[in-house]
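The structure appears below as structure tokens.
The values are calculated or read from the model by the stated rules, or taken from the named source; none is laboratory data. If you're wondering where the values come from, they're calculated on a predicted model, not measured in any experiment. Cβ sites come from the backbone with ideal geometry, for glycine too, and all protein chains shown count toward neighbours. Ligands, DNA and RNA are excluded from the accessible area calculation, which covers all protein heavy atoms including side chains. Shrake-Rupley method; radii C 1.70, N 1.55, O 1.52, S 1.80 Å.
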Amino acid sequence: MKIFGNKNTFAIQYEFINNPFNENSLSRETWGRFALFISGKDVCHFSRNNVAGDFQWNLIYIVEWFSENLKYILNDKQFPLPVEGQNSLELINNCLLFDSDDDDEFDEWFDKKQDWEFKHSWFSSRAGSFLPDVFFRRVNDEIEISWNNELTYSLEGISFTHPHGIEYIPLDLFESTIKNFIDDFLNNLLLKSNNKSEAEMKCKVINDLIK
């Protein structure tokens, strides 16, 4: 598999493989294996009913999410709600303590929470896969990466090899790794796609977002 970054700090590894399902969309051509290494640990690796396996899915969903949200991750804006927390996991959990008899106030609070989650965790783009819930947030000149997947998909028999953690990655390494991964992914997609016009349009949209 191709690798971008440094496994001992932060890296992405991926490869295209044959799609096992009868899909007709462009996403069918982006089926592959994917790993996210943080301090040497692949946070996407899991076992299902005690059988170990790599993460596999239509990887275009991960690429699209990073292309749409990298600018928000790299931005150093403060968390949008007045809660205390040392990391993303604590901030999100403490948001759940909020209560109000005012329905509009309650809805506004949780709309802000959800909007921040969509921009800082790729979980909303799992598209039916067993993608772990991982948060990416800038803290000064580093990117905080935090996750807690002790119970994620547990009803499906899923057990993540590295279920929880909080790590801080140099901002420059994080940004270059993501952009190099996306660039290579798009180049490979253009080379292998049987629908060149659709692939070219998709790649243009993603490239415009990531600039």
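Tabulated data
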| item | result |
| --- | --- |
| Cα principal axis extents for region 36-161, largest first, Å | 47, 34, 26 |
| Debye intensity ratio I(q)/I(0), log10, the chain, q values 0.17, 0.18 Å⁻¹ (C-alpha model) | -1.26, -1.37 |
| Lys pairs under 15 Å by Cα in the chain, provided they are eight or more residues apart or on distinct chains | 13 |
| Region 89-211: equivalent-ellipsoid semi-axes (sqrt of 5 x gyration tensor eigenvalues, Cα, Å) | 31, 19, 18 |
| Peptides ranked, highest mean first, by Cβ atoms within 10 Å: ranges 160-172, 17-29 | 160-172, 17-29 |
| Surface share of carbon and sulfur [accessible, 1.4 angstrom probe, percent] for region 1-96 | 42 percent |
| Radius 11 Å from Cβ of Asn195, net charge of other residues (Lys, Arg +1; Asp, Glu -1) | +1 |
| Net +/- balance of residues flanking Arg138 in space, Cβ distance below 15 Å, scoring K and R +1, D and E -1 | -3 |
| Extension gain, Glu156 back to Asp141 (0.36 nm per residue minus Cα-Cα distance, nm) | 1.6 nm |
| Over region 1-127, relative contact order from alpha-carbon pairs under 8 Å, at least 6 apart, % | 18 percent |
| With 10 Å bins from 0: P(r) over region 64-124, alpha-carbon pairs, percent | 20, 51, 25, 4 |
| Neighbour net charge for Gln13 - beta-carbon separation under 12 angstrom, K R +1, D E -1 | -1 |
